[in-house]
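Here is the structure we will look at.
The values are calculated or read from the model by the stated rules, or taken from the named source; none is laboratory data. What you see is a predicted model, and the numbers here were worked out from it, not measured in a lab. We place every Cβ from the backbone using ideal geometry, glycine too, and count neighbours over all the protein chains shown.
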Amino acid sequence: MSDEVICSSKQQELVDSYFHSRARVWKEIYEREDVDALIHQQRRSIVLRLIDNLALPPESPILEVGCGAGLTTVALADHGYAVHAIDSVQAMVDLTRQATARPGTEHRVRTSLGDAQNLPFSDNMFSAVLALGVIPWLHSSHNAIRELARVAKPGGYVILNADNRWRLNEFLDPARNPLHAPLRRMIRNIGARFGRNASTPPTQRHSPMEFDSLLSKAGLVKVKGVTLGFGPFSLFKRKIFSNKIATNIHCMLQNLADRNVPLLRVAGAQYIVLATKLNPR
């Protein structure tokens with residue numbers, strides 16, 4: 001077994017364990033009122049609006065990779081789509097099954113365990129493929145994006161997001177600044193060697209330009225891209241604003257970003273992309 005496969009397997013085990021232990025937290029995040037929860041709620045709203053604007057026919061097949069607690073799956077089913085929802089964590093699949101086990105929804109949804117880097121589907125199956133909050137946690141972004149593109153129909157759509165390497169809230173905190181990332185990785189690796197493992201697995205970050213390049217290499221063409229999320233702001237990893245002030249700051253900066261104000265328009269915490277799969281020539 002190659003070192004690449006071993007690293008990928010270990011990363012997936014860490015991620016699965018983390019999300020298994022925090023499955024309920026990822027359900028509650030859509031009910032909380034802090035700024036981090038608000039950003040996740042707005043991400044879901046943006047994606048559902050993107051889907052609506054595609055005007056896909058009723059019963060169009062949609063794949064949701066990383067379905068989590070199932071709230072997006074429910075919304076897609078309520079909109080009349082045939083949804084296949086997968087997650088690599090059984091606790092998340094169970095939550096999705098619970099959320100969709102109601103009249104009017106359950107017949108439109110199928111759930112199963114699945115790996116984003118090795119999807120158990122044939123080529124060209126889905127009119128749209130969603131992967132929210134998935135790519136940052138994977139060992140190989142390239143493999144996963146290629147898989148998302150593979151199972152989308154030619155002319156179909158892929159909606160996914162990256163954690164933005166140049167997010168403003170971390171750039172302003174000396175302890176989180178991306179320019180210091182190599183030093184932090186070295187310290188983390190030394191800690192891991194001595195058995196001090198962080199409770200949260202490390203995530204991958206991409207700049208919007210880097211992420212666009214990955215999409216292009218997988219045969220996807222960006223239709224729309226936005227960054228979302230300003231906060232919570234911190235100083236040496238300690239939050240410096242109350243929740244109310246933090247929420248107001250986020251809303252103000254997000255409004256400016258949405259109006260394409262230079263720098264701010266690419267400085268949100270998450271980069272959300274709608275892409276289409278090229279038709280073969």
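In the range 168-220, which residues are hydrophobic (A, V, I, L, M, F, W, C) and modelled with pLDDT of 75 or more? Even if it seems obvious, please write down each step before you answer.
The initial filter retains those residues of the range 168-220 that are hydrophobic (A, V, I, L, M, F, W, C), namely 168, 171-172, 175, 179, 181, 183, 186-187, 190, 192, 194, 198, 209, 211, 214-215, 218, 220.
Within the range 168-220, LEU168, PHE171, LEU172, ALA175, MET209, PHE211, LEU214, LEU215, ALA218, LEU220 qualify.
Would you check if there is a residue in the range 253-264 being β-branched (Val, Ile, Thr), at pLDDT 95 or above, closer than 21 Å to ARG49 by Cα and not in a helix (DSSP H, G or I)?
No, the range 253-264 contains no residue that is β-branched (Val, Ile, Thr), at pLDDT 95 or above, closer than 21 Å to ARG49 by Cα and not in a helix (DSSP H, G or I).
Which one is nearest to the chain's Cα centre (by Cα), of the residues in the range 132-156 that are in a loop (DSSP other than H, G, I, E, B) and of a type outside the set (A, V, I, L, M, F, W, C)?
The residue in question is GLY133.
Only one of (1) within 15 Å of the chain's Cα centre (by Cα); (2) not in a helix (DSSP H, G or I) fails for GLU33. Which number is that?
(1)
Could you tell me whether the range 54-69 includes any residue that is farther than 25 Å from THR276 by Cβ and either modelled with pLDDT under 95 or of a type in the set (Asp, Glu) (or both)?
yes
Conditions first: (1) charged (D, E, K, R); (2) in contact (Cβ under 8 Å) with a residue 40 or more places away in the chain; (3) touching a helix residue (DSSP H, G or I) at 6+ places or on another chain (Cβ under 7 Å). ASP123 passes all but one, so which condition is the exception?
Answer for ASP123: the failing condition is (2).
Looking at the range 101-118 only, could you name the residues that are surrounded by 18 or more Cβ atoms within 10 Å (Cβ to Cβ) and more than 21 Å from the chain's Cα centre (by Cα)?
Scanning the range 101-118 gives THR105, ARG108.
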